[in-house]
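Single-structure report; data block below.
The values are calculated or read from the model by the stated rules, or taken from the named source; none is laboratory data. Only a predicted model underlies this, so the values are computations on that prediction, with no experimental measurement involved. With ideal geometry, Cβ positions are generated from the backbone for all residues, glycine too; neighbour counts draw on all protein chains shown. Accessible surface areas use protein heavy atoms only, side chains included; no ligands, DNA or RNA. Shrake-Rupley method; radii C 1.70, N 1.55, O 1.52, S 1.80 Å.
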Amino acid sequence: MAVVVTPGTGVVYTLTAGLSHGRRAGVAAAFGCTLGILPHLAATITGLAAPLHTSAVAYEVVKYLGVGYLLYMAWATLRDTEALDAERTTEPRPAARLIASGVLLNLLNPKLTMFFVAFLPQFVPADESGSLGAMLRLSAVFMALTFVVFAAYGMCAALVRHRLLARPKVMTGIRRGFAACFVGLSAWLAVA
């Protein structure tokens with residue numbers, strides 16, 4: 001629960017989606033971030049994540065792809081002024097696009113790979129029957145918690161959306177703040 005609740009890229013993305021596009025967008029972003037966990041789980045179960053754990057070059061490639069994507073998200077957040085404009089009625093962002101962005105955001109998150117390679121397996125008995133089932137159950141709990149917490153973040157952001165839309169200067173500041181969070185997270189990931 002502590003890993004899920006702690007603000008990171010997925011939380012910032014879900015908050016941005018809920019605040020920018022409403023409740024459905026926040027839930028779609030949460031769903032995308034949750035689906036983005038599946039590749040990490042699959043890589044861990046099949047052993048494909050081991051090279052990331054043992055190869056500094058492979059880990060650095062994934063890490064810098066994640067840094068690049070976070071910088072893109074900062075740029076896209078700054079550029080997306082229509083969603084935060086009270087005077088315009090814009091089409092809601094398609095759920096598939098929000099989900100795809102959430103999946104890509106978490107796919108390029110090396111912290112998740114390290115969680116599934118280094119942390120979660122400590123709670124699964126190695127080389128015993130049922131270890132795959134235990135890993136799947138623990139992963140399912142992690143994914144369920146991720147979805148519930150991120151969806152709550154997105155819905156809470158959507159609740160204050162209309163009040164904030166009436167204040168364009170506040171919305172501009174919030175948009176810049178989210179962009180700064182993405183830049184800060186990318187810098188933190190780059191030096192981690």
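How large is the accessible surface per residue of the chain, computed with a 1.4 Å probe and reported in Å² as a whole number? Before the final figure, lay out each step's value.
On the way: 10260 Å² over 192 residues.
Here the per-residue accessible area is 53 Å².
Test of understanding: what is the full-extension gain from LEU145 to ARG176, defined as 0.36 nm times their sequence separation minus their Cα-Cα distance? Intermediate values should be presented prior to the final figure.
On the way: separation 31, 0.36 × 31 = 11.16 nm, distance 2.86 nm.
Result for the pair: 8.3 nm of gain on full extension.
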Response to the item:
Sorted on mean Cβ neighbours within 10 Å (highest first), peptides 7-15, 33-41, 121-129, 157-165 come out as 7-15, 33-41, 157-165, 121-129
Fill in: chymotrypsin sites (Phe, Trp or Tyr not before Pro) within segment 127-192: DSSP coil, no more than 12 neighbouring Cβ in 10 Å
none
Worksheet item: Between ALA95 and LYS169, what FRET efficiency follows from the Cβ-Cβ distance if R0 is 41 Å, with the result rounded to 0.05?
Response: 0.85
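At a 1.4 Å probe, what is the % contribution of carbon and sulfur to the accessible area of the chain?
Numbers: 6940 of 10260 Å².
Carbon plus sulfur share of accessible area: 68 percent.
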Discussion item. Once you order the gyration tensor axes a ≥ b ≥ c over the Cα atoms, which shape class does the chain get: rounded for a/c under 1.5, otherwise prolate or oblate by comparing a/b with b/c?
Written reply: prolate
Fill in: For segment 1-72 and segment 94-168, distance of Cα centres in Å
7
Worksheet item: If you build a Gaussian network model of the chain, linking Cα atoms that sit under 10 Å apart, which residue out of VAL149, VAL117, VAL61 swings the most?
Response: VAL61
Worksheet entry | FRET efficiency for LEU48 and LEU159, using Cβ-Cβ distance with R0 set to 41 Å, rounded to 0.05 | 0.55
Worksheet entry | Gain upon complete extension [TYR64, PHE119; 0.36 nm per residue less C-alpha separation] | 17.6 nm
Item to complete: Subtracting the Cα-Cα distance from 0.36 nm times the residue separation, let me have the gained length for TYR72 to ALA187 in nm, one decimal.
Response: 40.1 nm
